[in-house]
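K.L.:
Please see the structure below; I have some questions.
The values are calculated or read from the model by the stated rules, or taken from the named source; none is laboratory data. This is a predicted model, so every value here is computed, not measured. Here the Cβ is made from the backbone with ideal geometry for all residues, glycine too, and neighbour counts use every protein chain on show. SASA here: full protein model, heavy atoms, side chains in, ligands and nucleic acids out. Shrake-Rupley method; radii C 1.70, N 1.55, O 1.52, S 1.80 Å.
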Amino acid sequence: MFHFGGASCNNCDIEILDCLTPRYDIERFGMMLVGTIRHADVLLVNGSINQKDKIRLLELYHQAPKPILVVAIGACGCTGGIFAEGNTFAGPVDKIIPVDAYIPGCPPKPEAIISGIVKLINKS
Amino acid sequence: MVKDLLYYLVFPGFLFTAIVGGFFSWIDRKVTAWLQFRKGPPLLQPFYDFFKLLLVKETILPAKGSKMTFLLAPVLGLAGATVSGMMILLPAFGLKPGFSGDIIVIFYMLTIPSLTYIIGALAAGNPLASVGASREMKLVISYELTFLLVVAAIIMKAGNAIGIGDILAVQAETGPFAGSISGILLFIALIFCIQAKLGMVPFDAPEAETEINHGSFIEYSGSAYSLIRLTKYMMLFILPAFMCTVLLGGIRIDGIHLAWSVLKILGILLLIILIRNTNPRVRIDQAMRFFFIWMNLLVIAATILSHFNL
C-alpha cells in the first residue's frame, strides 16, 4: 500500500501510522508500506484534495500499475468534511479517481481502518 | 540429459531454491515481526506476493528508457541466481561432483544478480534509480574484494583445492573450517559480505526505502518486479547454503544429518536477520570504508593465521 497525504491536518496520517505499530500490526494481513507507487496495490488517500493536490493525485493514479484499489480515509477524503465548501477544494476523492472503500471518521480509529481494509481483502 | 535438465529446473535448481527461498523470506519477515513484538505475516505471504505480481499486476515500461534492457535485466538476474544455486547445491548435496575450479565460477555467478540490478536501474531512466544504481555499484566494488579474499583464504585452508567437492572432502577429514581461529574470522567477514549481497539493513543504501524510495527497483512493477523478488528469495537461500558449504562442513541430506544441515542454515539465516534488525543503515562511504579497511584487514589476518594452520 502507498500512502498519499493530501492537504491533511495530519490527524489521519497519525492514525494510519498507528496501524503499522506493534499494537495493531497490519502485517498480520500481509500489508506493508512501500516507498513507490509502482510496487503498491492499495492507494490510501486522506486529507482534503485541493486544486494542486488534484494534479498530483491524478498523476499518481496514472503511474500506478493496475489493478489498484483506492481507499479514501477520513471525513475529508470521503466527502470533503469541513472543507467541502472551501474555495480551493477540488472535490472529494471519488470525484477525481474511482474509490473502492471509504473509511469515514475525523480521524477514523485504527480499528476502523483495519476493518475497512479487511473488508477490502475479502471483497477482492 | 533429462536428468541434468531436472537438476537445473526442479531439484536442487530453480523450483527447489525458489520455494525454500520463499519460506526463508517468510522466516525473515516473521522473526523481524517477533523482534518488534508484532505478529507478522501469514506463512504463504511471499508466494501470494509473487503470484500477485506475476499474474495480476500490470507491468509498466519506462517511457524514456531502454525497454528491452529494463525487461531483460531481471530475467538474467534470475538465471544467474539459478545457475549459482545449482553449482553450489549439486556438490553440497552430493548429487554430482563439481568440476575443478567451480568455486571461482560461483564467485562470478553470485555477482550477476547485483550486476543486473544496476543495469536494470540504469535502463529505467529515473534519477532515484540511478542514485540507487551508483550506490549498488560502490557496494559491489567494496564487498567483492573482501568476498574474493575470503574465497582465496578458503582455497588456501583446503590445501589449494579449487573445487567445492574437494573443499568438502578436506572438511570431512579435518572438521569444518569454522572450528579454527582463522575460520571464525572468515565467518565474520563472510556474513557481512552476505548481508551486503542481499542488500539487507546495514548495507541497504542502494534501495533505501525512506530516502530514495526503493532506489534501483523504483520503476519496476508487475511481472518484472516479481522476477526480482524471486531472485531475492533465492539468494536468501543460496548465500547461507554457500556459507554452510565452504565454512561449516557442508549440507547432507541423508538421515539425521538432514536435520543438522537445516539447523546450520537456519542458524546463519537467524544471524543475518538479527544483524538486519539491530543495526541502522550506514552511508555508502561508511560501508566502503568498513569493507575496504576493516573487513579486508580481518581476512588478511585470517589468511596469515591459516598459513600457520591456526
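K.L.:
Averaged across orientations, what area in nm² does the convex hull of the alpha carbons in the range B:152-294 project?
P.N.:
10.5
K.L.:
Here's something else I'd like to know. Rolling a 1.4 Å sphere over the protein heavy atoms, what is the accessible area per residue of chain A, to the nearest Å²?
P.N.:
Using a 1.4 Å probe on heavy atoms only, each residue of chain A averages 48 Å².
K.L.:
Go through B:181-187, B:251-257 and give me the packing order, highest mean Cβ count within 10 Å leading.
P.N.:
B:181-187, B:251-257
K.L.:
Taking each residue of A:108-117 in turn, how many C-beta atoms of other protein chains fall within 10 Å of its C-beta, and what is the average?
P.N.:
Partner Cβ neighbours, averaged per residue: 0.
K.L.:
Solvent-accessible area per residue for the range B:1-105 at a 1.4 Å probe radius, Å²?
P.N.:
Heavy-atom accessible area per residue stands at 51 Å².
K.L.:
Express in Å², to the nearest 10, the accessible area of residue A:106 obtained by rolling a 1.4 Å probe over the protein heavy atoms while all chains stay in place.
P.N.:
Residue A:106 exposes around 110 Å² with every protein chain in place.
K.L.:
Can I ask one more? Please go through the range B:12-111 and write out the chymotrypsin sites (Phe, Trp or Tyr not before Pro) that DSSP classes as loop and that have at most 13 other C-beta atoms within 10 Å.
P.N.:
B:37, B:99
K.L.:
In degrees between 0 and 90, to the nearest 10, how far off the longest principal axis of chain B does helix B:296-307 point, with axes built from Cα atoms?
P.N.:
For B:296-307 against chain B, the angle is about 20 degrees.
K.L.:
Report the local net charge at residue A:16: Lys and Arg +1, Asp and Glu -1, summed over other residues whose C-beta lies under 15 Å from its C-beta.
P.N.:
-4
K.L.:
Continuing with this model, one more query. Can you pull the three principal axis extents for the Cα set of the range B:78-134, in Å, largest first?
P.N.:
46, 17, 12
K.L.:
Tell me, what is the Rg over Rh of chain A, with Rh the Kirkwood radius over Cα pairs?
P.N.:
With Rh from the inverse mean 1/r over Cα pairs, Rg/Rh is 0.94.
K.L.:
Please arrange A:71, B:2, B:262 by accessible surface area, largest first, computed with a 1.4 Å probe and ligands excluded.
P.N.:
B:2, B:262, A:71
K.L.:
A further question follows. In whole percent, how big is the carbon plus sulfur part of the accessible area of chain A, probe 1.4 Å, protein atoms only? Show your work: numbers first, answer last.
P.N.:
Numbers: 3400 of 5990 Å².
That share works out to 57 percent.
K.L.:
Could you state how much accessible area residue B:96 has, in square angstrom rounded to the nearest 10, with a 1.4 Å probe and all protein chains kept in place?
P.N.:
Rounded to the nearest 10, the figure is 80 Å².
K.L.:
Right, another one. With a 1.4 Å probe on protein heavy atoms only, work out how much accessible surface A and B bury together, total over both chains, in Å² to the nearest 100. Numbers along the way, then the final one.
P.N.:
Values: alone 6900 and 14110 Å², together 19240 Å².
Using a 1.4 Å probe, the pair buries roughly 1800 Å².
K.L.:
How well do other chains shield peptide A:14-24, expressed as the mean number of their Cβ atoms within 10 Å of each residue Cβ?
P.N.:
1
K.L.:
In peptide A:34-47, what is the residue-averaged number of other protein chain Cβ atoms found within 10 Å of each Cβ?
P.N.:
Neighbouring Cβ atoms belonging to other protein chains average 5 per residue here.
K.L.:
Using only alpha carbons, build the gyration tensor for the range B:205-288 and give me the equivalent ellipsoid semi-axes, biggest first, whole Å. Don't jump to the answer; show the numbers that get you there.
P.N.:
On the way: eigenvalues 187, 64, 20 Å².
Values for the range B:205-288, descending: 31, 18, 10 Å.
K.L.:
Going by a ≥ b ≥ c, the root eigenvalues of the Cα gyration tensor, does the range B:167-219 fall in the rounded group (a/c under 1.5), the prolate group (a/b larger than b/c) or the oblate group? Write down the numbers at each step before the final one.
P.N.:
Numbers: a/c = 7.29, a/b = 3.19, b/c = 2.29.
Verdict is prolate for the range B:167-219.
K.L.:
Mind checking Rg over Rh on chain B, alpha carbons, Kirkwood formula for Rh?
P.N.:
Numbers: Rg = 19.0 Å, Rh = 19.9 Å.
That ratio equals 0.96.
K.L.:
Pairs to check: A:119/B:67; B:30/B:64; A:66/B:264; B:64/B:232; B:96/B:232; A:54/B:64. Give those whose C-alpha atoms are more than 32 Å from each other in this structure.
P.N.:
From A:119/B:67; B:30/B:64; A:66/B:264; B:64/B:232; B:96/B:232; A:54/B:64, over 32 Å: A:119/B:67; B:30/B:64; A:66/B:264.
K.L.:
Which loop-located trypsin sites (Lys or Arg not before Pro) does the range A:8-41 contain, where loop means any DSSP state but H, G, I, E or B and the Cβ has at most 10 other Cβ atoms within 10 Å?
P.N.:
For trypsin sites (Lys or Arg not before Pro) across the range A:8-41 that sit outside H, G, I, E and B with at most 10 neighbouring Cβ atoms in 10 Å, the list reads A:23.
K.L.:
Once each part is reduced to its C-alpha centroid, what is the distance from the range A:18-62 to the range B:28-95 in angstrom?
P.N.:
Each part reduced to its Cα centre gives a spacing of 23 Å.
K.L.:
Of all GluC sites (Glu not before Pro) in the range A:52-114, which ones are in loop regions per DSSP and have a Cβ with at most 10 other Cβ atoms within 10 Å?
P.N.:
Sites meeting the loop and neighbour criteria: A:85.
K.L.:
Just to make sure I understand: if all protein chains stay in place, what is the order of B:154, B:141 by accessible area at 1.4 Å, largest first?
P.N.:
Largest accessible area first, the list is B:141, B:154.
K.L.:
Heads up, I need the accessible area for residue A:119: 1.4 angstrom probe, whole protein in place, Å², nearest 10.
P.N.:
Approximately 140 Å² of residue A:119 is accessible to the 1.4 Å probe.
K.L.:
Let me ask something else about it. With a bin width of 5 angstrom, please list the P(r) values of the range B:57-190 as percents of all Cα-Cα pairs, from the 0 bin to the one holding the largest distance.
P.N.:
Each 5 Å bin holds this share of Cα pairs: 2, 10, 15, 17, 16, 12, 9, 8, 6, 3, 1, 0.
K.L.:
Sticking with this structure for a sec: Could you sort the residues of the range B:19-45 by number and keep only those whose accessible area is reduced by 10 Å² or more in the all-protein-chain setting relative to the chain alone, 1.4 Å probe?
P.N.:
Buried by the other chains: B:29, B:36, B:37, B:38, B:39, B:40, B:41, B:42, B:45.
K.L.:
Something else about it: Go through B:63-69, B:114-120, B:163-169 and give me the packing order, highest mean Cβ count within 10 Å leading. Spell out each step's value before the answer.
P.N.:
Details: B:63-69: 12.3, B:114-120: 23.7, B:163-169: 21.4.
The most tightly packed comes first, giving B:114-120, B:163-169, B:63-69.
K.L.:
Could I ask something else about it? Stick to the Cα atoms of the range A:17-71, pair each with every other, and give me the Kirkwood hydrodynamic radius in Å at one decimal.
P.N.:
One over the average 1/r among Cα pairs gives 12.6 Å for the range A:17-71.
K.L.:
Another one. Tilt of helix A:110-123 relative to the longest C-alpha principal axis of chain A, in degrees (0 to 90, nearest 10)?
P.N.:
80
K.L.:
Now for a separate question. Once neighbouring chains are kept in place and the probe is 1.4 Å, which whole percent of the accessible area of the range B:188-270 is contributed by carbon and sulfur? Before the final figure, lay out each step's value.
P.N.:
Values: 1600 of 2310 Å².
Ligands and nucleic acids excluded, carbon and sulfur give 69 percent.
K.L.:
On to the next question. Calculate the all-directions average of the projected area of the protein assembly as shown's alpha-carbon convex hull, and give it in nm².
P.N.:
Details: hull surface 87.9 nm².
Projected area, direction-averaged: 22.0 nm².
K.L.:
In whole percent, and with a 1.4 Å probe on the protein chains, what portion of the accessible area of the range B:34-180 is carbon and sulfur?
P.N.:
Answer for the range B:34-180: carbon and sulfur cover 72 percent of the accessible area.
K.L.:
Going toward the positive end of the dipole of chain B, with +1 on Lys and Arg Cβ and -1 on Asp and Glu Cβ, which of B:159, B:247, B:218 do you reach last?
P.N.:
It is B:218.
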